[in-house]
Amino acid sequence: MPRTPWTRRTLTALAACVLLPLGAAGCTGGHARGGAPSPAPVGKVLGDTDGTGRHLREVDTKNAPEVGVEVTPDRRDGWDVRLTFHRFHCSAPGAGRAAVTGRGLAYLFVDGHEAARLRSYDYHLPARLVPRGTHHVTARLYADDGTAWAVHGKPVQSTADITVSDPEPSRSPVPASSPTPAPASSRSAGRVSAPTMGASPVR
């Protein structure tokens, strides 16, 4: 399905979102949940790298983590990003550098440039990182050793497109008896883009 961009004219308006409906699992303020991690080697490190030069760590589809990304305009400034995980938990700070099944960090990229390394579901994306125009917001999953989780040679990730445009103020008609003009207002329109994951089509 082709990606269609959002359009936002002001941050105060209600906009649609892009959300991958995955199973309930994920980061809990930087603390991993579930059983103790296995120390056994995980997957296979490939010679191929992602766009940042980090090597891919190939795992089979059955055990592969998944990620979804939702982006909505903040009422005051910038954008609110929320991630959804399946078969993945964020590692706690100081967890070590070993790759552990279903553990690691979510890196957030804007137009291919790293914006944040996340140990939680939520992140506030500053407006300065998404000026006027269309931008690609990508969440990609990494193991604690810095390798990117991958399936079929592609990073496990999800991308949402957002388009930022200048506000278009419109003025209400001013009654003849009104001494001052009515304040300007603006509206927002939004369209949803389908997220994609490096491993398989999102359903």
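Quick notes on this one:
- For the range 75-99, filtering for residues that are open to solvent by 20 Å² or more (accessible area, probe 1.4 Å) and more than 13 Å from the chain's Cα centre (by Cα) leaves 13.
- Residues (assigned to a strand (DSSP E or B) and either touching a Cys at 6+ places or on another chain (Cβ under 8 Å) or not aliphatic (A, V, I, L, M) (or both)) located in the range 108-131: PHE109, HIS113, GLU114, ARG117, LEU118, ASP122, TYR123, HIS124
- Which listed residue is touching a residue at least 24 places away in the same chain (Cβ under 8 Å) and on the phi > 0 side of the Ramachandran plot, from GLY68, GLY94, GLY78, GLY51: GLY78
- Residues that are over 18 Å from ALA139 (Cβ atoms) and either of a type outside the set (Val, Ile, Thr) or at pLDDT 95 or above (or both) number at least 1 in the following strands (runs of 3 or more DSSP E) confined to the range 22-82: 44-49, 55-58.
- Identity of the residue in the range 113-125, of a type in the set (Gly, Ala, Ser) and modelled with pLDDT of 95 or more, that ends up least open to solvent (accessible area, probe 1.4 Å): ALA116
- Selection from the range 130-158 of residues that are out of contact with any Pro (no Cβ under 9 Å at 6 or more places or on another chain) and open to solvent by 60 Å² or more (accessible area, probe 1.4 Å): PRO131, ARG132, HIS136, HIS152, LYS154
The values are calculated or read from the model by the stated rules, or taken from the named source; none is laboratory data. Please read these numbers as outputs of a predicted model, since none were measured by experiment. Please note: Cβ atoms are built from the backbone with ideal geometry, for glycine as well, and neighbour counts cover all protein chains shown. Keep in mind that these areas ignore ligands, DNA and RNA; they rest on the heavy atoms of the full protein, side chains included. Shrake-Rupley method; radii C 1.70, N 1.55, O 1.52, S 1.80 Å.
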